[in-house]
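Please treat every number below as a calculation from the coordinates, not as lab data. This structure is a prediction, so every number in the text was calculated from the model and none was measured. Methodologically, a virtual Cβ is constructed for each residue, glycine included, from the backbone with ideal geometry; neighbour enumeration extends over all protein chains shown.
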């Protein structure tokens with residue numbers, strides 16, 4: 001459905017929109033890969049953010065929420081991987097503020113225009129002796145092609161960098177949106193260990209930008225799950241610096257709808273990359289629940305399926321085990337009649353109403369060997385729907401997570 | 001705590017109490033193992049039952065709930081493995097009632113005194129041509145030592161049979177309780193693919209028996225989880241045939257408390273066996289949350305930890321990753337202050353208040369190599385507590401569930 005949008009994908013990720021610079025480098029938090037990055041807007045940008053709902057929140061979450069209250073503008077974001085600065089108490093909070101101060105000093109910015117973000121191991125103090133000098137170095141390395149280094153620097157167990165950019169026409173202006181994200185374990189609905197940073201040159205006020213982010217987030221990052229675990233550090237930030245010089249628009253305008261659709265496109269694309277790159281994953285699984293009374297109900301059922309270890313291992317084993325799907329809908333908490341449910345894998349019908357099993361084992365096995373699996377569940381009790389993305393559960397997931405800290 | 005009870009474990013499982021007979025055999029539902037069993041009380045027994053909350057309910061669940069409404073007494077239970085008779089519609093329901101009729105006919109019982117139970121693959125019709133004759137054969141094979149064959153016949157991916165029996169003194173009588181259960185995937189709080197059948201010779205009316213079952217179930221089968229998936233077929237039934245000839249007692253009596261404690265002992269023992277025998281498991285993990293404002297709150301936090309794939313893989317990898325535990329409490333939905341939490345593994349302190357990390361990696365690694373892991377989380381905000389049991393998440397779990405149907 002998203003492919004019908006009047007957006008064109010383009011190169012450049014977060015530095016594709018006008019007026020954004022970035023840099024990423026290695027500073028020694030991690031063993032041997034890039035681990036810190038900086039994203040900067042040449043002019044103060046309107047900012048909006050969404051954060052983890054986990055009650056155990058990392059220091060950067062506290063800091064950024066406080067920053068958002070101080071100013072509707074942001075000029076710089078610093079992000080590190082390798083250390084989450086979570087469960088680090090007073091000292092962790094001081095370290096987080098120290099990152100803000102160092103960035104403001106290096107870039108000659110008001111402190112309230114700096115946001116920070118961390119991902120990695122929980123419960124270890126930040127190596128500030130490495131981070132503070134790195135912030136200074138990054139500020140001297142900012143450039144228009146810094147998107148790739150940034151995308152690499154924020155990775156943890158991600159196996160590939162995740163970025164996207166699109167252009168679309170808004171009145172007489174061309175607007176660009178860029179995005180970068182990281183996964184890849186602890187991904188659950190309502191955010192997870194995922195960070196996403198979106199840049200755009202659209203001119204838009206903070207209230208509308210916040211509204212757009214919440215709408216798009218509800219259809220993207222809140223619709224992915226890897227293992228049901230919700231992280232202490234998740235956030236998605238969007239910066240809009242106005243460089244596209246578009247005319248102002250209101251919430252009820254076509255322009256706003258178009259922007260939301262384009263933002264959704266970018267965020268869903270990143271969300272699917274995160275789901276596909278779940279730890280140990282070999283497949284991207286899209287759960288499409290339709291025929292529901294409400295979108296919320298569809299999403300609730302789809303999330304139960306997406307979080308089922310039994311469904312995820314069955315898909316991994318190319319086993320068309322529709323019974324586990326029906327069982328998951330059954331405990332999802334929604335009201336429905338199992339007799340009316342129909343299930344298909346990649347458009348191949350498996351189950352028709354009244355438990356008529358139309359499964360062709362050979363064809364099912366064949367279609368489940370694909371890398372992208374679409375599971376469609378029709379509840380036949382309304383006309384609403386929702387999509388949720390996840391990945392298969394593999395031995396490699398266990399391997400990665402049984403030895404993450406070491 | 002349970003070891004301080006005045007109960008003595010004894011041999012004999014479900015046929016240890018007076019007046020119970022059982023038999024188990026192979027009838028061809030499964031490939032090459034026992035797959036059907038019968039448990040019989042020589043005199044009509046008071047019955048109580050608890051059933052899955054999954055909205056996708058198997059045919060035997062419908063049948064047994066209807067039976068419970070018709071009569072407070074039960075004389076026979078027939079159980080098969082290999083086929084769950086779930087998602088089988090009208091025909092499945094007819095097959096389930098046919099099992100009731102065949103059992104009543106074979107044993108010359110009123111139909112309303114028969115309960116049935118099925119576990120195994122979802123969405124396949126029951127091979128009634130094998131089951132009906134088997135029921136007749138079983139009725140001729142009932143004997144006092146039939147507990148072992150029964151325990152084997154109800155296993156699915158369980159790696160060992162699960163049974164227990166205890167004796168305790170009630171006034172001038174000796175009361176015996178026996179139990180048999182099966183796991184071992186799809187085990188979640190609020191029941192799961194688990195079946196449990198409890199027999200006792202206590203004399204007790206149905207209202208009190210139901211009350212006792214609900215109390216004990218809340219502390220045992222509703223406190224275990226293997227993968228968070230809740231099955232369509234779960235049930236726990238308890239039969240009390242009065243053969244112990246104890247004097248009547250009321251709900252507020254010491255006798256009732258003693259019976260509940262003994263029933264809890266039996267059911268917790270079975271619950272722990274189920275958790276330990278989770279698919280692919282190598283360890284039993286007990287999550288003990290204390291210092292909470294209520295037992296419900298403690299259970300809610302403990303279940304979030306027990307369902308965390310990240311925690312379960314970390315324990316598998318002998319990684320004292322307390323951050324994942326704190327993150328799980330954080331998204332459990334309870335209100336708490338992360339700064340006050342203390343965590344210990346097998347009595348070895350790992351985290352003290354205000355994130356003081358007292359973790360000794362070497363000692364932690366050593367204690368986590370044990371087969372039984374106790375994780376204690378002290379919330380320091382009250383004096384209530386709860387225990388939940390689970391197992392580690394292993395590559396073998398993925399292996400088993402990626403190929404279950406084939």
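Compute the relative contact order of segment B:284-401 as a whole-number percentage, counting only Cα pairs closer than 8 Å that sit 6 or more residues apart in sequence. Can you show the working numbers first?
On the way: 236 pairs, mean separation 55.0, N = 118.
Over segment B:284-401, the number comes to 47 percent.
One decimal place: the segment residue A:62-residue A:160 gains 32.4 nm when fully extended, by the rule 0.36 nm per residue minus the C-alpha distance. Once both axes come from the Cα atoms, what is the angle between helix B:128-141 and the longest principal axis of chain B, in degrees from 0 to 90, rounded to 10? So the helix axis and the longest Cα principal axis differ by about 80 degrees.
Largest GNM mean-square fluctuation across B:200, B:56, B:119, computed for chain B with C-alpha springs under 10 Å, falls on B:56.
Between residue A:282 and residue B:172, how high is the FRET efficiency from 1/(1 + (r/R0)^6) when r is the Cβ-Cβ distance and R₀ = 51 Å? Nearest 0.05. Please report the intermediate quantities before stating the final value.
Working: r = 65 Å, r/R0 = 1.28.
After rounding, the FRET efficiency stands at 0.20.
Here the scattering of segment B:2-276 is modelled by Debye summation over its C-alpha atoms, one equal scatterer each and no solvent; at q = 0.16 Å⁻¹ the log10 of I(q)/I(0) is -1.18.
Fully extending the segment from residue B:144 to residue B:245, taken as 0.36 nm per residue of separation minus the present Cα-Cα distance, adds 34.4 nm.
Under 20 Å from a label point set 7 Å out along the Cα-to-Cβ vector of residue A:11, the amide N atoms of segment A:121-164 belong to A:142-153, A:161-164. Placing a label point 7 Å from the Cα of residue B:254 along the Cα-to-Cβ direction, the distances to the matching points in the other copies come to 8.5 nm, shortest first.
This ranking places B:387, A:30, A:144 by how few other beta-carbon atoms lie within 10 Å of each, fewest first, which gives A:144, A:30, B:387. With the convex hull constructed from alpha-carbon coordinates only, the protein assembly as shown shows a mean projected area of 33.3 nm² over all directions. Once the Cα atoms of helix A:89-107 and of chain A are each reduced to a long axis, what angle between those two axes, in degrees from 0 to 90 to the nearest 10, is obtained? Between the helix axis and the principal axis of chain A, the angle is about 60 degrees. Comment: the Cα-to-Cβ extended label point of residue A:211, at 7 Å, lies 5.7 nm from its counterparts in the other copies, nearest first.
Peptide B:46-59 shows a mean partner chain C-beta count of 3 within 10 Å per residue C-beta.
From helices alone, chain A scores -10500 deg cm²/dmol at 222 nm; the rule is -39500 (n - 2.57) for each run of n ≥ 4 DSSP H residues, then divide by the residue total. The mean number of Cβ atoms from other chains found within 10 Å of a Cβ in peptide B:314-323 is 5, as a whole number.
In terms of surrounding Cβ atoms within a 10 Å radius of their Cβ, B:180, A:50, A:388 rank from fewest to most as A:50, A:388, B:180.
Averaged over A:393-400, how many beta carbons belonging to a partner chain fall within 10 Å of each residue's beta carbon?
Numbers: counts 7, 4, 8, 2, 6, 14, 6, 2.
Other-chain Cβ atoms within 10 Å of each residue's Cβ, averaged: 6.
The equivalent ellipsoid of segment A:284-401 has semi-axes of 22, 17, 12 Å, largest first, where each one is the square root of 5 times an eigenvalue of the Cα gyration tensor. Chain B residue nearest the axis that carries B onto A, by Cβ, with distance in whole Å, is B:395, 2. Using C-alpha pairs below 8 Å separated by at least 6 residues, the relative contact order for chain B is 17 percent. For residue B:10, the distances from its label point to the matching points in the remaining copies are 8.3 nm, ordered from shortest, with each point set 7 Å beyond Cα toward Cβ.
Semi-axes of the equivalent ellipsoid for segment A:13-130, computed as √(5λ) from the eigenvalues of its C-alpha gyration tensor and ordered from largest down, come to 22, 18, 13 Å. Of A:215, A:29, the sequence from fewest to most neighbouring Cβ atoms within 10 angstrom is A:215, A:29.
Taking the Cα atoms only, what angle lies between the long axis of helix B:206-219 and the longest principal axis of chain B, rounded to 10 degrees? The helix B:206-219 is inclined about 30 degrees to chain B.
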